Amino acid sequence: MSLPTRIEAFHAGRLDILRLCASNSVRLTWSTQRREWLGYGVYFFAYSEAHARRWVDIGARRGWWLGGSPGIIKAEIDLGDCLYVEEPAGAAEVQKAALDVLALCNAAGVPIPQNTGLIDGVPVERNLDCLIFNQVHHNRQMRGEPEIDTILSFCNDGPPIIPGSQIPARGHHQICVRNYSCISKVELVWPPQP
């Protein structure tokens, strides 16, 4: 399967900062929180403003916007050197990193981090997943390979559509951007501007 080279994507965040991003005054900063499931980077919802709106609502319930009001920007993402997790090569690279994380935790005698913070039965604090993807980057660096520009993966963010099914009631494609030059055509799309 060949991926498109460019994807329309949406990012939810604090409105005051997003206005500056849309005017090219500042750029989005990497999230380096351990809860970020695709590792460190700038996160976007591929193709769907509706998923960014849902994130705004979740953030309101969790108190994330106390420093200001939320907003949403749209951007064009050039995937560049993309780790596409749903492809066999991408899945194999992630699996290798997961095994490395297990081995490193066992060798150091430390507990394996856990994914926690359930919303609709799905963890949103993805400490283990973050560690695994950061290990992917470390492994590539140790092999002398170039940095990954973006990571694209499907995210299951809902319970099964019916009990016993593997089909999620909700899901989306998430992009983690690690190379700022892959982000262009940034514009504020919500809230509507006068």
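The values are calculated or read from the model by the stated rules, or taken from the named source; none is laboratory data. Here the structure is a predicted model, which is why all the values come from computation and not from measurement. Methodologically, a virtual Cβ is constructed for each residue, glycine included, from the backbone with ideal geometry; neighbour enumeration extends over all protein chains shown. Please note that ligands, DNA and RNA were not included when accessible areas were found on the heavy atoms of the full protein model with its side chains. Shrake-Rupley method; radii C 1.70, N 1.55, O 1.52, S 1.80 Å.
Key figures
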{"quantity": "Pick from the stretch 64-81, criterion buried (at least 16 other Cβ atoms within 10 Å of the Cβ) and touching an Asp or Glu at 6+ places or on another chain (Cβ under 6 Å), ranking: nearest to Leu152 (Cα to Cα)", "calculated": "Gly80"}
{"quantity": "Considering residues of the stretch 15-63 that are on the phi < 0 side of the Ramachandran plot and in a strand (DSSP E or B) only, the residue surrounded by the most Cβ atoms within 10 Å (Cβ to Cβ)", "calculated": "Phe44"}
{"quantity": "Scan of the stretch 15-63 for residues that are of a type in the set (A, V, I, L, M, F, W, C) and in contact with an Asp or Glu (Cβ under 6 Å, 6 or more places away or on another chain), ordered by number", "calculated": "Ala22, Trp37"}
{"quantity": "In the stretch 134-146, the residues that are out of contact with any helix residue (DSSP H, G or I) (no Cβ under 7 Å at 6 or more places or on another chain) and either of a type in the set (Val, Ile, Thr) or closer than 11 Å to Tyr40 by Cα (or both)", "calculated": "Asn134, His137"}
{"quantity": "Condition check for Asp149: modelled with pLDDT under 95 and either open to solvent by 30 Å² or more (accessible area, probe 1.4 Å) or of a type outside the set (A, V, I, L, M, F, W, C) (or both)", "calculated": "no"}
{"quantity": "Matching entry among Ala60, Ala75, Ala98, Ala46 (being without any contact (Cβ under 8 Å) to a residue 24 or more places away in the chain and among the small types (Gly, Ala, Ser))", "calculated": "Ala60"}
{"quantity": "Test: residue in the stretch 82-101 that is among the polar types (S, T, N, Q), more than 30 Å from Asp16 (Cα to Cα) and open to solvent by 60 Å² or more (accessible area, probe 1.4 Å)", "calculated": "yes"}
{"quantity": "Residues (out of contact with any helix residue (DSSP H, G or I) (no Cβ under 8 Å at 6 or more places or on another chain) and more than 15 Å from Trp37 (Cα to Cα)) located in the stretch 105-119", "calculated": "Cys105, Asn106, Ala107, Ala108, Gly109, Val110"}
{"quantity": "Top-ranked residue in the stretch 105-134 [being under 23 Å from Ser31 (Cα atoms) and exposed (fewer than 12 other Cβ atoms within 10 Å of the Cβ); ranked as modelled with the lowest pLDDT]", "calculated": "Leu118"}
